[in-house]
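The numbers here are math on the coordinates, done by the rules we state, and not lab data. Since this is a predicted model, take the numbers as computed values, not measurements. Here the Cβ is made from the backbone with ideal geometry for all residues, glycine too, and neighbour counts use every protein chain on show.
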Amino acid sequence: MTNSLLNKKGRTERKENWKYYEPRSEQGSSLSAFSYSLIAAQTGRVDWAYRYFMRTATIDLTGEGKQYVGTLYIGGTHPAANGGAWMAAVLGLCGIHCAGTTIHIESHLPAHWKRITVPLVFKCQRLYVTLTCESVKVNASGPLTIPLSVEVTGITYPLSQAGELVLPL
């Protein structure tokens, strides 16, 4: 039994909300893109998730963000959207979340991403989660001081005392 935050009911509700809201939303806010990226990834729409991720990740580089509301200038930098890009990548595309003493991973990587390594500090343990389209690798920077586990595709595996685990996806 999976302990995932996004259970079947939640996934169904998010899919329905996506179908309704995505085509109706203006997407003018700099915070919209990362929100839509998260939901798209969590509902299996990896192409949409990546498209929205790139929009939020490059908002200050491309200048394509909304600059005016009427005659009011609202341009500038977008630090909240930049943080949202991190959320879209880690929580959405990588599908990483932590609960209790378990790191839950439900990867939604775009096919053209060869590898991504996410550094985490979880329960005072420095960990590195490396995802490819074929595998998940978790490494601790030193021996674990408390037992931790990793859940991938609904199956929970203990992280060895040495803090190493490699699993196929």
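Structure above, values below:
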| read-out | value |
| --- | --- |
| Proportion of all alpha-carbon pairs of the chain beyond 18 Å (%) | 63 |
| Residues whose placed amide H lies under 5 Å from that of Val118, excluding near-sequence neighbours | Val129, Thr130, Leu131 |
| Förster-model FRET efficiency, 25 Å R0, Thr153 and Glu13, C-beta, rounded to 0.05 | 0.70 |
| In order through segment 7-13: 3J(HN,Hα) via Karplus (6.51 cos²θ - 1.76 cosθ + 1.60), integer Hz, x for Gly, Pro | 6, 4, 5, x, 5, 5, 5 |
| Cα pair distances of segment 108-149 binned at 10 Å [whole percent] | 27, 46, 23, 4 |
| Hz values of 3J(HN,Hα) by residue in segment 150-165 - Karplus curve (6.51, -1.76, 1.60), Gly and Pro given as x | 10, 10, 10, 6, x, 10, 9, 10, x, 7, 4, 4, 6, x, 10, 7 |
| Per-selection Rg to Rh, segment 97-169 - Cα, Kirkwood hydrodynamic radius | 0.94 |
| Förster radius 25 Å - calculated FRET efficiency between Trp113 and Glu164, Cβ distance, rounded to 0.05 | 0.65 |
| Distant-in-sequence amide H partners of Gly163 (H built 1.01 Å from N, under 5 Å) | Leu144 |
| Rel. contact order, % - alpha carbon contacts under 8 angstrom, at least six apart, the chain | 17 |
| Charge dipole of segment 48-169 about the Cα centre (unit charges at C-beta), most positive-ward option of Thr102, Ser149, Ala49 | Ala49 |
| Spatially proximal lysines relative to Lys114 (Cα-Cα < 21 Å; intrachain offsets below 8 disregarded) | Lys137 |
| Whole-Hz ³J(HN,Hα) from phi, Karplus 6.51 cos²θ - 1.76 cosθ + 1.60, for segment 31-45, glycine and proline x | 8, 5, 4, 5, 5, 5, 4, 4, 5, 4, 5, 5, 10, x, 9 |
| Placed amide H near His108: partners under 5 Å, 5+ positions off or other chain | Cys94, Gly95 |
| Helical mean residue ellipticity (222 nm; -39500 (n - 2.57) per DSSP H run of 4+; nearest 500) of the chain | -8500 deg cm²/dmol |
| Rounded to the nearest 20 debye, dipole of the chain from Cβ charges on Lys, Arg, Asp, Glu | 180 |
